[in-house]
1. Using Cβ counts within 10 Å as a stand-in for footprinting exposure, how do B:V151, A:V245 rank, fewest first?
2. As a check on your grasp of the helix formula, calculate [θ] at 222 nm for chain B: sum -39500 (n - 2.57) over DSSP H runs of n ≥ 4, divide by the residue count, round to the nearest 500.
3. Which order do A:I138, A:I301, A:I239 fall in if you start with the one that has the fewest other Cβ atoms within 10 Å?
4. For segment A:48-202, with the dipole built from +1 on Lys and Arg beta-carbon atoms and -1 on Asp and Glu ones, taken about the Cα centre, which of A:P156, A:P102, A:A194 lies farthest toward the positive end?
5. 7 Å from Cα along Cα→Cβ at both B:D293 and A:S284: what's the point-to-point distance in nm?
6. Please give every one of the lysines within straight-line cross-link reach of B:K91, meaning a C-alpha to C-alpha distance under 25 Å, and leave out same-chain neighbours fewer than 8 residues apart.
7. What are the principal axis extents of the Cα atoms in segment B:270-311, in Å, biggest first?
8. Against the longest alpha carbon principal axis of chain A, how many degrees, from 0 to 90 and to the nearest 10, is the axis of helix A:214-234 turned?
Number of protein chains: 2
Amino acid sequence: MRQTTPIFGGIESGGTKVVCAVGDARSATMLARAQFPTCDDPRALLAAVVAWFKEAERSHGPIAALGVASFGPLDLDERSPTYGRVTTTPKRGWRNADILGPLRAAFPAIPLGFDTDVNGAALGEGRWGAARGLDDFIYVTVGTGIGGAAVVRGAPVHGLVHPEMGHIPMPVLDGDTFAGACAIHGRCWEGLCAGPAIHARAGRPAEELAPDDPAWDLVARYMAHALLTLTYVLSPRRIIVGGSVRKAGQLGEAAFFASLRRHVVAANAGYIASAAIDGVGIDSYIVPPALGDDAGVCGAIALAQNASGSF
Amino acid sequence: MRQTTPIFGGIESGGTKVVCAVGDARSATMLARAQFPTCDDPRALLAAVVAWFKEAERSHGPIAALGVASFGPLDLDERSPTYGRVTTTPKRGWRNADILGPLRAAFPAIPLGFDTDVNGAALGEGRWGAARGLDDFIYVTVGTGIGGAAVVRGAPVHGLVHPEMGHIPMPVLDGDTFAGACAIHGRCWEGLCAGPAIHARAGRPAEELAPDDPAWDLVARYMAHALLTLTYVLSPRRIIVGGSVRKAGQLGEAAFFASLRRHVVAANAGYIASAAIDGVGIDSYIVPPALGDDAGVCGAIALAQNASGSF
């Protein structure tokens, strides 16, 4: 069915799959959606993506803007000659891959939005998900790695490059002797709480750990230190914790979040005396995402809307 | 001499003194300046401040806007009934003290700006000092306590309350057994690197320590971990380190900053591969303030300019 309101295209470019969708500005419901495996040939992949969007235009009408939320590192500096490219990734075929170039060639007349996958997901959660109505919040994803987006006054922080929250240094809890799993920093947040770190500490994957495995409590306490660090640095109104680790295998998401919240309250020790953190507010301060697996591509659509100036 | 360009009033309200000044938009040079001890009677103090600005208007012409950069915690929420007040301070006479109310009564027709002392100082450094031309930077002050301001896209981050960067948790270095001096968090950044923490660790004030006292190297390394945390969370284009501790007594400011920069580069371990951090750029990445003791009142003038919409 052809739309009477403008439609937007979103591309979530991830490490294992590229998701494409078209949607309108009214909800996170998508009009059409497709996904492609992230092969070693970005040119061929982008040609398939372009063909899919051309076909989508025939069904749903012209696309007003396209947004791309991509794995990185990315060149996000619009004044740079390599703006729109992946930069130093070790991912085969993708080093210096031009993502925006082929899209611009295929859709020369429409605005293109471009940001990191985690910034995109944060915008999606802000527009339609767990941070709706908030201008200042943080979205972190804890999975194979840890990434984070800081949304300040409605837009993601870029600054010099983009945030790398997953690598903040961490304290040692209770004489914990685990050396950490980050190849660069050892005991940074990612080195203690990402999936591979939990696996390295416990000797098996997080999903196989019993609910009372002591690793879960340590992970929740390290997570709490990291979330409190983000709170002290940025004073967000909410922190959304996404990614696979938060599902917490046999422990379960609800129990994991209850533990996270308890440890954040304990580590704050009443210092920030806001009801949002210190009282019952904590249940809506640290929350799971609302868009689930669609956060990425919804975020890409949000980037398209921002690029078009229609939001 | 009466000014032909608009003039602005700034009030830096600190724990020991309140500095008032009038200036114009062109430089950090002040046309007039006065200071008052921060007594236990905010009403009487504000009456003296008002009288001083009324007198300044007779000499220099009408003030277009007033800005206040104050110690906190403050209510910065313009929709709050207690906006413009100090909130839970233990400082005698200042709990719930209304700062903006008496100023608004005395100057009913002009815009009033209001922010924390550290946010004000950051704006001052951004407009006339060490972060001129940068929209994304951090200003921290390390003295009796540690405070920090995050400037994102030209404006300080507020969020839920305001940042409390001084209380981020810290790793333990080299089996360091010092328990930290923060009454609430023990080994947070402030508990390890503020003046009283150095005093508690070394048994005497920082100014009395020999340049090769091992405390200096530990302080520089903990500082580096904190500055790297801020870099990973916010991706600033520069970090300004102000406050008395950075002068580093007998070690000296230049040697202290050289040590800070070396330890930041080491702790980053090449992870953020930007020339701004990893190469010679580090010398202009971590810097002392340029406005010295005037940063606070210059920042208050910057708040006045922002409130008037003239910047």
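1. Ranking B:V151, A:V245 by Cβ neighbours within 10 Å, fewest first, gives A:V245, B:V151.
2. -10500 deg cm²/dmol
3. So the ranking, lowest neighbour count to highest, is A:I239, A:I138, A:I301.
4. Result: A:P102.
5. Output for this residue pair reads 4.8 nm.
6. B:K17
7. 43, 24, 13
8. In chain A, helix A:214-234 runs at an angle near 60 degrees to the longest axis.
FYI, it's all coordinate maths here, none of it is from the lab. Everything numeric here is computed off the predicted structure, so don't read it as measured data. We place every Cβ from the backbone using ideal geometry, glycine too, and count neighbours over all the protein chains shown.
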